[in-house]
Amino acid sequence: MKKTTFLSGLGLIVSIFAFTSCLEQEKPINFPKTDLTTEAMIPMPSEVIATNSAFGLDENTHIFTSTTATGFPEVGEFLAEKIKWQTTLNLPVNNSEKATGSRVIYINHADDLAFTTPEAYQLNITQDSITINAKSAQGAFWGVQTIRQIIPQTSNDTLAKTKMWLIPTGQVSDAPNFGFRGSMLDVSRHFFSVSDVKKYIDILAYYKVNILHLHLSDDQGWRIEIKSWPKLTEVGGRSEVGGGEGGFYTQEEYKDLVAYAAKHHITIIPEIDMPGHTNAASLAYPFLNGNGKKVKPYTGIDVGFSTFDTRKESVYDFIDDVIREISEMTPGPYIHIGGDESHVTKKKDFNYFIARVDKIVSKYGKQMIGWDEIVHADVNPSTIAQFWSNEKNALAGAEKGLKIILSPGKKAYLDMKYDEDSKFGLKWAGLIPVDTAYNWSPETYLEGITKENILGLEAPLWSETISNMEELEYLAFPRMIGYAELGWSTEENRNWDSYKERLAKQTPYLDKMNVKYYPSERIDWKK
Ligand code: TNX
């Protein structure tokens, strides 16, 4: 272990004395041999060293955190909550009065470590203590996920008087390969409730995903309340694919989702797709429409027929209001403005439109993201292009110096069927079985694009064919777990044979979360 400052704050020091004196009175336990390197951790950490003994997590274990560093006590509370869920143990957090136990988990702010990114963490597990060192609460939070993944399912009831969950000892040093690791949910084609999205966030966080992009508007429905334009949700929110009732998030609900994501160290990226994919907005306010046709409600799944009128000033006033209200509710740095498949917008109008919207997004202090079609417009150098299908666009974007998010349809589209028999999904980009989803490298996928050009990786889940959580989970899992590893682990730490073994052992977690994942036959699921 490198030199660290474990002990921050007098309270922590006092409590450790209390623990040490208790420790002396306890009989040594003969722990069975363990091997931290063979634990089913996903994503695979950068470095794992096993020391072959165990930390006995039991009712006498206490959690302490740095108390002055922002967010650390909350990370401690989060760990306590999840340990309770996993084991029923009710562990005190930063409570030295209750400190009668023998084992401690420290979540420690370690500023002096040469962590390369705020998301890095180190984990040191001995028989007596587990220490997470991190320079930010986010790093500590990812360290907590690693701990959760190595707590065994069952306790060992023969070693001591109390039930003990034996955590293998050793060290983990870990940092993400990409700082942007995301998933997207299309809540427009079919609406998904706040509680559905929260469940998705829970699972993403467990696998260290840090971005959730919400596709909030499309031809079939507008899903976010905009106070200055109320008909967007009153009229535009009342439909979805197949004729269902639709729905939308009030601003309060959206803020609640953003806060829930933040508690899980996940940034929400809101997307308002334009100038195409705008039938629902134009249905609410017909002056926006630029395709020359009468606007009617749309519940089909074809794309490319709608457009805003890009040459009308009032359209930009409308967009200014929408971006302002959304920016005010979104603490994250990004606003996604869509830009895909605007097949009925003339090229020069499209580029004019994107450049104007780019300026509006900057005006509200945000960084714009658009689908790869936006790269030909005159945009800010900090604007980001999301590659989904057109490699030339991605290259042109990179040549301009724009960062690229990789979401290649053929590899990373969660809405593609696994195989011909898949119950849900589309197949325009091909079939994507679990191994195809995993076996590619973001670093080298696009010729001419290097790691420096890449912001990160995102796997989108479009919802034309799914309308409830069970169907969502069928398409998202297990593939999303593989994308989490592709985003976090370096190329030398990724390997299908190792991954498929570790994936097979995710069943206790997925089952306990009641996730209806697709039980691919390519995985030897552990029951
Ligand atoms: C293409 S990907 C779209 C979406 C569809 C998706 C279905 C992208 C930027 N546009 O509008 O939902 O295919 O797979």
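What follows is calculated from the coordinates using simple rules that are stated; it is not laboratory data. On a predicted model such as this, the values are computed, not experimentally measured, just so you know. Every residue, glycine among them, receives a Cβ derived from its backbone with ideal geometry; neighbour counts consider all protein chains shown.
Along the principal axes of its C-alpha atoms, what lengths does segment 279-375 span, in descending order and rounded to whole Å?
36, 27, 27
Give the angle, between 0 and 90 degrees and rounded to the nearest 10, that separates the Cα long axis of helix 479-488 from the longest principal axis of the Cα atoms of the chain.
70 degrees
Can you compute the helix-only [θ] at 222 nm over the chain? Use -39500 (n - 2.57) per DSSP H run of at least 4 residues, normalise by all residues, nearest 500 deg cm²/dmol.
One gets -9500 deg cm²/dmol as the mean residue ellipticity at 222 nm.
Segment 227-324: which trypsin sites (Lys or Arg not before Pro) are DSSP loop and have at most 12 other beta-carbon atoms within 10 angstrom?
Sites meeting the loop and neighbour criteria: K227, K293, K294, R311.
Can you grab the distance from the C-alpha centre of segment 238-301 to the C-alpha centre of segment 431-486, Å, no decimals?
23 Å
Any idea what the alpha-carbon Rg over 2.2 N^0.38 Å comes to for segment 168-311? Could you put the intermediate results ahead of the total?
Details: Rg = 17.7 Å, N = 144, 2.2 N^0.38 = 14.5 Å.
Expressed relative to 2.2 N^0.38 Å, the Cα Rg reads 1.22.
Can you return the aspartates and glutamates within cross-link range of K512? Criterion is Cα-Cα under 13 Å, with same-chain partners fewer than 8 residues away left out.
D202
Could you state the orientation-averaged shadow area of the convex hull built on the Cα atoms of the chain, in nm² to one decimal?
The number I arrive at for the chain is 24.2 nm².
May I ask what percent, to the nearest 5, of DSSP beta bridges between residues of the chain are antiparallel? Walk me through the numbers before you get to the answer.
Details: 22 of 66 bridges.
Roughly 35 percent of the beta bridges in the chain run antiparallel, per DSSP.
What order, most packed first, do the peptides 385-396, 135-146 have when packing is the mean number of other Cβ atoms within 10 Å of each residue?
135-146, 385-396
Quick one: compute the contact order of the chain, relative version, from alpha carbon pairs under 8 angstrom and 6+ residues apart, as a percent. Write out the running numbers ahead of the final one.
Working: 1170 pairs, mean separation 68.1, N = 527.
Computed over the chain, the figure is 13 percent.
Tell me which of G300, T116, A476 sits at the most positive position along the dipole axis of the chain, charges placed on C-beta atoms (Lys, Arg +1; Asp, Glu -1).
Farthest along the dipole direction, towards plus: T116.
Take peptides 31-42, 452-463 and line them up by average Cβ neighbours within 10 Å, highest first, as a rough protection proxy. All intermediate terms of the calculation are to be shown ahead of the outcome.
On the way: 31-42: 17.4, 452-463: 21.8.
Result, highest mean first: 452-463, 31-42.
How large is the Kirkwood hydrodynamic radius of segment 114-167, counting all unique pairs of alpha carbons, in Å?
Averaging 1/r across every pair of different Cα atoms and inverting gives 12.5 Å.
Structure shown: which of K198/K411; K82/K423; K135/K500; K255/K516 lie over 30 Å apart, alpha-carbon to alpha-carbon? Spell out each step's value before the answer.
Values: K198/K411 25 Å; K82/K423 33 Å; K135/K500 32 Å; K255/K516 28 Å.
Too far apart for the 30 Å limit: K82/K423; K135/K500.
Taking the 0 to 90 degree range and rounding to the nearest ten, how far is the long axis of helix 194-206 tilted relative to the main principal axis of the chain, both from C-alpha atoms?
Around 50 degrees separate the two axes.
In degrees from 0 to 90, rounded to the nearest 10, what is the angle of the helix 137-150 Cα long axis to the longest principal axis of the chain?
That helix lies at roughly 70 degrees to the long axis.
Measuring from the lowest to the highest alpha carbon on each principal axis, how far does segment 415-484 reach, largest first, in angstroms?
38, 21, 19
Placing unit charges on C-beta atoms (Lys and Arg positive, Asp and Glu negative, everything else neutral), compute the dipole magnitude of segment 10-174 about its Cα centre in debye, rounded to 20.
Using Cβ point charges on Lys, Arg, Asp and Glu, segment 10-174 gives about 340 debye.
For segment 10-174, what size does the Cα cloud have along each of its three principal axes, sorted from largest down, in whole Å?
Here the Cα extents, ordered largest to smallest, are 42, 37, 27 Å.
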